[in-house]
Amino acid sequence: MSQIFYSPDDNTNTIDYQSIIEEIYKEVFPLTNSGKVADYIPELGKIDPSQLGIAIVTLDGKIYETGASRINFSIQSISKVFTLTLAMKFMQNTLWEKVGKEPSGNPFNSLVQLEYESGKPRNPFINAGAITIADCVNTHSENALDTIIQLMRNLSQNLSINFDPQVAQSEKEHGHRNAALAHFMKSFGQIDSSVDELLDIYYKHCSISMNCLDLAKAFSFLANHGINPETNETFLTKSQAKRINSLMLTCGMYDASGEFAYRVGIPGKSGVGGGITAIIPNLLSICVWSPGLDKYGNSLAGTMALELFTTKTGISIF
């Protein structure tokens with residue numbers, strides 16, 4: 001495959017990914033206690049922050065991992081990439097009548113822009129946008145949650161993937177801001193499902209539990225133009241995969257997406273459970289997990305690990 005973003009002198013086949021991620025692990029692990037776990041969701045507040053996992057899956061099927069790469073965690077907003085995948089399949093370009101494509105410039109759970117913009121969220125990855133996307137999936141499938149989980153099982157080739165009921169309940173009990181967002185959009189006619197039904201789907205898909213290897217496998221189709229490299233199954237068109245990758249680059253890291261693009265240089269999506277999954281087109285997908293978050297809600301150690309990865313390997317999309 002053509003890798004037009006590498007210089008002619010680059011030879012990715014000679015990169016020792018295992019040695020690089022083990023080196024990164026040693027350098028970054030001291031940062032694991034510098035961030036703050038997402039204790040506004042009490043179940044996530046119980047997680048030991050001194051953990052770091054890294055997993056890489058290349059498009060030719062090689063796996064590299066280190067640290068806590070096989071420990072399951074709550075993927076939270078990373079799940080929004082999968083619901084967006086389904087919504088794009090179901091609705092094609094009409095999806096963008098419901099949600100925008102621009103960075104928000106505000107916190108991920110902000111109410112401010114919704115009022116100015118008549119209840120249409122800025123992008124699919126802020127909470128309001130993800131609730132809208134869940135509504136789109138719900139109105140186009142008989143069982144939205146099952147459809148979402150089945151997609152993630154297929155992409156990761158792990159049939160045991162499911163949501164964590166304790167995390168989902170914890171989110172529901174403390175989800176007043178999300179309820180406000182949903183009711184506000186409902187008042188503008190932007191969502192069709194009942195608010196209670198929609199929030200139940202949203203909390204449960206955010207509480208899905210996976211590990212770094214699961215997520216690296218599951219994101220491989222986005223590094224491979226919409227086709228799962230392991231099964232050769234097409235999940236999106238090449239154009240749709242390009243659009244999701246571009247949205248991850250511009251909007252995938254909450255209000256620090258520009259900083260992440262500057263420091264790391266690849267499309268990625270984070271979650272307040274401490275995971276970040278990213279892709280390098282035509283080459284690989286990578287997932288890092290460390291529960292301590294920075295002030296924007298992104299994994300502090302995870303962001304540094306990815307910055308070191310693109311620096312040490314010399315590969316990015318730029």
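Taken together, the values in this text are just the output of simple stated rules run on the coordinates, not laboratory data. Since the structure is predicted, the reported quantities are computational estimates derived from the model, not experimental observations. Using ideal geometry, Cβ is built from the backbone for each residue, glycine included, and neighbour counts are taken over all protein chains shown.
Sorted by average packing, counted as other Cβ atoms within 10 angstrom per residue and highest first, what order do 82-93, 20-31 take? The partial results should precede the final answer.
Numbers: 82-93: 20.2, 20-31: 18.0.
Highest mean packing first, the order is 82-93, 20-31.
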Handout entry: Cβ-isolated cysteines (cut-off 4.7 Å), the chain
Key = Cys136, Cys206, Cys251
Exercise for the section: Could you run the Karplus curve 6.51 cos²θ - 1.76 cosθ + 1.60 with θ = phi - 60° over segment 188-201 and give me ³J(HN,Hα) per residue in whole Hz, x for Gly and Pro? Expected result: 8, x, 7, 10, 9, 6, 5, 4, 4, 4, 5, 5, 4, 5
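In a shell of Cβ-Cβ distance under 12 Å around Glu27, excluding Glu27 itself, what net charge do Lys and Arg (+1) and Asp and Glu (-1) give?
Details: positive: Lys26, Lys312; negative: Glu22, Glu23, Glu307.
Charge balance in the 12 Å sphere: -1.
Loop only by DSSP, 12 or fewer other Cβ within 10 Å of the Cβ. Give me the GluC sites (Glu not before Pro) in segment 211-318 that pass, ordered by residue number. Don't skip to the end; give the middle numbers.
Working: sites: Glu230, Glu233, Glu259, Glu307; in loops: Glu230, Glu233.
Filter output for segment 211-318: Glu233.
Just check segment 188-318 against the gyration tensor rule for me: Cα atoms, a ≥ b ≥ c as the square roots of the eigenvalues, rounded for a/c under 1.5, and otherwise prolate or oblate depending on whether a/b exceeds b/c. Walk me through the intermediate numbers first.
Working: a/c = 1.66, a/b = 1.22, b/c = 1.36.
Taking the square roots of the gyration eigenvalues as a ≥ b ≥ c, segment 188-318 is oblate.
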Practice task
Measure nothing but the geometry: give the 0 to 90° angle between the long axis through the Cα atoms of 300-313 and the longest principal axis through the Cα atoms of the chain, rounded to 10°.
Solution key: 40 degrees
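Which of Asp294, Asp214, Asp39 has the fewest other C-beta atoms within 10 Å, and how do the rest follow up to the most? List each step's numbers first, then the result.
Values: Asp294 19, Asp214 27, Asp39 12.
The order, fewest Cβ neighbours first, is Asp39, Asp294, Asp214.
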Exercise for the section: Fewest Cβ neighbours within 10 Å first, please rank Phe235, Phe184 accordingly. Expected result: Phe184, Phe235
Practice task
May I ask you to compute the full-extension gain from Asp192 to Trp96, defined as 0.36 nm times their residue separation minus their alpha-carbon distance, rounded to one decimal in nm?
Solution key: 33.0 nm
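Summing Lys, Arg as +1 and Asp, Glu as -1, what charge do residues with Cβ under 9 Å from the Cβ of Lys36 carry, Lys36 excluded? Mind showing how you got there, number by number?
On the way: positive: Lys295; negative: Asp39, Asp294.
So the environment of Lys36 carries a net charge of -1.
Would you mind ranking Asp192, Asp135, Asp200 so that the residue whose beta carbon has the fewest other beta carbons within 10 Å leads the list?
The most exposed by this proxy come first: Asp192, Asp200, Asp135.
When each pair of different Cα atoms in the chain is counted once in the 1/r mean, what is the Kirkwood radius in angstroms, to one decimal? Don't jump to the answer; show the numbers that get you there.
Details: mean 1/r = 0.0520 Å⁻¹.
Over the chain, the inverse of the mean reciprocal pair distance is 19.2 Å.
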Practice task
Divide, for segment 124-197, the radius of gyration over alpha carbons by 2.2 N^0.38 Å, where N is the residue count.
Solution key: 1.19
Completion exercise
Whole-Hz Karplus couplings 3J(HN,Hα) for segment 25-40, θ = phi - 60° and coefficients 6.51, -1.76, 1.60, Gly and Pro as x, run 3, 5, 6, 8, 3, x, 7, 4, 9, 8, x, 10, 5, 7, 6, 6
